[in-house]
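The structure appears right after this line, and notes come after that.
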Amino acid sequence: MELKKKYVKLPGNKIKVIFKKRKPKSAKCGICGKELQGIPRLRKGDFRKLSKSERRPNRPYGGNLCSRCMRNEIIRRASD
């Protein structure tokens, strides 16, 4: 797959080709591998600019496990 090209005019009447950067893959659950909800698909630099509450869900294991695996993990730890 080819990157999208954007032609930019520079001072001195030169034209430069800039390639659009691709979006990264979505974050996956650490146990089942399902795509995580509530985590934006952004590059590392753009991700860092977000506030903490926009980066990941505000729950235990938020950003690491999906909600189903999180529930199972909490139940498993409570029964030990």
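Some points to look at:
- Selection from the stretch 1-33 of residues that are charged (D, E, K, R) and over 30 Å from Met70 (Cβ atoms): Glu2, Lys4, Lys5, Lys6, Lys9, Lys14, Lys16, Lys20, Lys21
- Condition met for Lys23 (modelled with pLDDT of 95 or more, among the charged types (D, E, K, R) and under 28 Å from Glu2 (Cα atoms)): no
- Across the stretch 9-52, the number of residues qualifying as surrounded by 10 or more Cβ atoms within 10 Å (Cβ to Cβ) and in a helix (DSSP H, G or I) comes to 2.
- Scanning the stretch 53-72 for residues that are within 17 Å of Ser26 (Cα to Cα) and either polar (S, T, N, Q) or in contact with a Ser or Thr (Cβ under 6 Å, 6 or more places away or on another chain) (or both) yields Asn64, Ser67.
- All positions within the stretch 29-53 that are under 9 Å from the mean Cα position of the chain (by Cα) and either more than 13 Å from Gly63 (Cβ to Cβ) or free of Cβ contacts under 8 Å to residues at least 24 places away in the same chain (or both): Pro40, Arg41, Leu42, Arg43, Lys44, Phe47
The values are calculated or read from the model by the stated rules, or taken from the named source; none is laboratory data. Everything numeric in this text was worked out from a predicted model, so none of it was measured. No Cβ is skipped: glycine too gets one built from the backbone with ideal geometry, and neighbour counts run over all protein chains shown.
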